[in-house]
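The values are calculated or read from the model by the stated rules, or taken from the named source; none is laboratory data. Since this is a predicted model, take the numbers as computed values, not measurements. Counting neighbours? That spans all protein chains shown, and the Cβs are built from the backbone with ideal geometry, glycine included.
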Amino acid sequence: MTYIEKPSISNVIKFDEHNVAQVDKLTVMLNTGTDIYQGACKKRGSTLKDEYRKVAGVAYMDPKDMAKLGVGNWDSVLVKSDWGAVVVYAAHSRDAPHEGMIFIPKGPWANVIVSNETYCCSDPTYKGIEATVEKSDKEVLLMADLMREVYKKYTKKAEGVN
Amino acid sequence: MAYEEPITDYDKIVENCTCAFCGSNCDDLDILVKENSVVGVRHACRLGASKIMEDEDQRLKVPMMRDENGELVEVEWDTALDAAAELIANSIRPLFYGWSETNIETMKPGLELTELVGAVIDNQATICHGPTVQAVQNVGYPLMTLGEVKNRADMVVYTGSNPMNAHPRHLSRYTTYPKGWFRKRGRYDRTLVTWDPKYSDTAKLSDIWIPFEENGDYEFVNAIRAVLKGKKLTKDVIAGIPIEDIYELTEKMKNTQFGALFFGLGLTHTLSKQRNIDIAIQLIQDLNKYSKWVLLPMRGHFNVNGFNIFMSYEMGFPYGVDFCRGYPRYMIGETTTIDLLNRKEADVFLVIAADPGAHFPSGANMHLVDIPVIQIDIHWGPTTELADIVLPGTFVGVETEGTSYRMDSVPLHMKKAIDPPETCREDEWIVTELLNRVKKIKEASK
Ligand code: SF4
């Protein structure tokens, strides 16, 4: 277990900016990419488990942005872009400050909201995507449930729908 | 992290194994084995160790196919291989994707199968360093080996890459910390620079951190090139960086004895894509008027470079090679995986040692819902949720030996430490079996 244990993120939300206006929806720049916890968990093979959801189904945000939205660590947020919408956890970023930017490690959750446009360069656009973040009361889905909900490859057959 | 007792309960140590995770291919790992299972590993980083101490629960152990309810059920090897061969032999536009986490030996029959059925063969470079390969074709490649950097470099620059997260031993084994022939004091004799909009874990260790704006890389590098050419910058701030800092940095870069630039996906995944790399390579060319500079892409998987080298050697093209006309063709944006999926062109998808379920945008993955997917892998992952036929492979570098290429194109032998589970088969064997079975089907239908 040692290899995927995450450092504890402090649970303090600093509302030090008194004139920070509370907002329901935040417009942000979305970045995705690799992160050591996601990498370790993925290659170890533990993708069906809760650990994977905790390391890849999470948006690392600037604490100030979280204060604006009024969300704490491990609260659910809905992230929307032109390509889709997905519910992930919010968590304080180790790399803060980076107000207006969120980071979601690569994985099935990030995939839903990144762009598949390659501009004829073979490489999809994984970084620098405009997105919005809002509070959500939905639970973050486990990998298998997410794959079923997003792609519905076999659920159609199972339910007899075509 | 809690303190853990050293592991003393083992039968033997297999020394100098090569790590099968990232492109640093550390070849100094000691694997501790007890009763044919790995109980510990020494020298690996968190990433390497997590992969070698794999999660047994999710290991794919038997061949599987979907039943009428869409559930994966165990089948015989023969049944699964025949079904897969049948799909491949009868397809019009098969796409064989992956290959970066297996050995070169598996790629040989893979390429033969590709030629036989007129498929497209592609690897992870298509979604990571593809633009790098294109840029190298545009403007060249001032390459070195990591050993040179270790012995000579007095300035190391990382941009668009966060090795402390993706290649954790890169700094400590090759570039920054080790003592080298001309850098007797190791870290103290080198300047570490990070250009990254984020205060990344690597930036935290650096001597100089240049936080240019998001998507500001192209402008920033161009500014340095302008200064190098003796031009005056007319704006006060460029890409979020005050010009005094740009002048100062350029001066430092000119006055190093041996500089090395490492770049990662931060450059290839933003909007300027291969143009970012073009400009980075040209920067290195310009710097060489003053001092010795080299650059290297930070390749992700341990054999992603190997595939590109293998394909270039065999077919003349690095990735995304299309054989549908009977001869190899390569056309970025046409014969590359994401584009083929976006256009809904492929009709059978074979994925080996890769996880598109976890790494492709879902807009591209959506096409995998409509076509049969054959998966060769070792763990039940996101792709397995989309797979119709699952063939369990073995773990290269732990259970199977083979050849891989490090990010600086040095080939390394990967050792075997334990025997694979009885019901699994080596990737090379699986692909060769598929090849033979497809040949038989083709011959019978003549
Ligand atoms: S740096 Fe890369 S190759 Fe070296 S031990 Fe870590 S994961 Fe393995």
When (1) at the interface with chain B (Cβ under 8 Å from one of its Cβ atoms); (2) in a strand (DSSP E or B) are applied to residue A:153, the one that fails is (2)
Flagged in segment A:57-81 as among the acidic types (Asp, Glu) and away from chain B (no Cβ under 12 Å), in numbering order, are A:65, A:75
In segment B:159-213, residue nearest to the chain's Cα centre (by Cα) [restricted to those that are part of a loop (DSSP other than H, G, I, E, B), in contact (Cβ under 8 Å) with a residue 40 or more places away in the chain and closer than 19 Å to residue B:23 by Cα]: B:167
Count, please, the residues in segment B:32-73 that happen to be within 12 Å of the ligand (Cβ to nearest atom), in contact (Cβ under 8 Å) with a residue 40 or more places away in the chain and within 14 Å of residue B:10 (Cβ to Cβ). 1
Given A:112, A:79, A:140, A:87, which one is of a type in the set (Val, Ile, Thr) and over 21 Å from residue A:34 (Cβ atoms)? A:87
Is one or more of the residues making up segment B:369-386 within 26 Å of residue B:161 (Cβ to Cβ) and more than 12 Å from chain A (Cβ to nearest Cβ)? no
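For (1) surrounded by fewer than 21 Cβ atoms within 10 Å (Cβ to Cβ); (2) more than 16 Å from the ligand (Cβ to nearest atom); (3) within 13 Å of chain A (Cβ to nearest Cβ), each residue gets a yes or a no:
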site: B:105; (1), (2), (3): yes, yes, no
site: B:151; (1), (2), (3): yes, yes, no
site: B:156; (1), (2), (3): no, no, no
site: B:190; (1), (2), (3): no, yes, no
site: B:202; (1), (2), (3): no, no, yes
Some residue of segment B:77-96 being within 16 Å of the ligand (Cβ to nearest atom) and either in contact (Cβ under 8 Å) with a residue 24 or more places away in the chain or under 23 Å from the mean Cα position of the chain (by Cα) (or both): no
Do we find a residue being within 16 Å of the ligand (Cβ to nearest atom), under 28 Å from residue B:426 (Cβ atoms) and not polar (S, T, N, Q) anywhere in segment B:304-318? yes
Name the residue, out of B:249, B:261, B:228, that is within 16 Å of residue B:212 (Cα to Cα) and buried (at least 16 other Cβ atoms within 10 Å of the Cβ). B:249
Residue by residue through segment B:422-446, note down the ones that are surrounded by fewer than 19 Cβ atoms within 10 Å (Cβ to Cβ), in a loop (DSSP other than H, G, I, E, B) and not charged (D, E, K, R). B:423, B:445
Within segment B:4-31, the count of residues that are within 16 Å of residue B:415 (Cβ to Cβ) and more than 16 Å from the ligand (Cβ to nearest atom) comes to 2
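The rows are residues; the columns are (1) within 16 Å of the ligand (Cβ to nearest atom); (2) within 30 Å of residue A:122 (Cβ to Cβ); (3) away from every other protein chain (no Cβ under 14 Å); (4) in contact with a strand residue (DSSP E or B) (Cβ under 6 Å, 6 or more places away or on another chain).
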position: B:137; (1), (2), (3), (4): no, yes, no, no
position: B:142; (1), (2), (3), (4): no, yes, yes, yes
position: B:145; (1), (2), (3), (4): yes, yes, yes, no
position: B:164; (1), (2), (3), (4): yes, yes, no, no
position: B:168; (1), (2), (3), (4): yes, yes, no, no
position: B:176; (1), (2), (3), (4): yes, no, yes, yes
position: B:210; (1), (2), (3), (4): no, yes, yes, yes
position: B:217; (1), (2), (3), (4): no, yes, no, no
position: B:220; (1), (2), (3), (4): no, yes, yes, no
Could you list, ordered by first residue, the pairs with Cβ atoms under 8 Å in which the first is in segment B:15-27 and on the phi > 0 side of the Ramachandran plot and the second is at pLDDT 90 or above and among the basic types (Lys, Arg), at least 6 apart or interchain? B:16/B:415; B:25/B:406
Residue that is farthest from the other protein chains (Cβ to nearest Cβ), among those in segment B:73-99 that are buried (at least 21 other Cβ atoms within 10 Å of the Cβ) and assigned to a strand (DSSP E or B): B:94
Can you find a residue that is of a type outside the set (Val, Ile, Thr), within 10 Å of the chain's Cα centre (by Cα) and more than 9 Å from chain B (Cβ to nearest Cβ) anywhere in segment A:35-56? yes
Just to verify a result, which residue in segment B:297-317, among those that are buried (at least 23 other Cβ atoms within 10 Å of the Cβ) and not in a helix (DSSP H, G or I), is nearest to the other protein chains (Cβ to nearest Cβ)? B:300
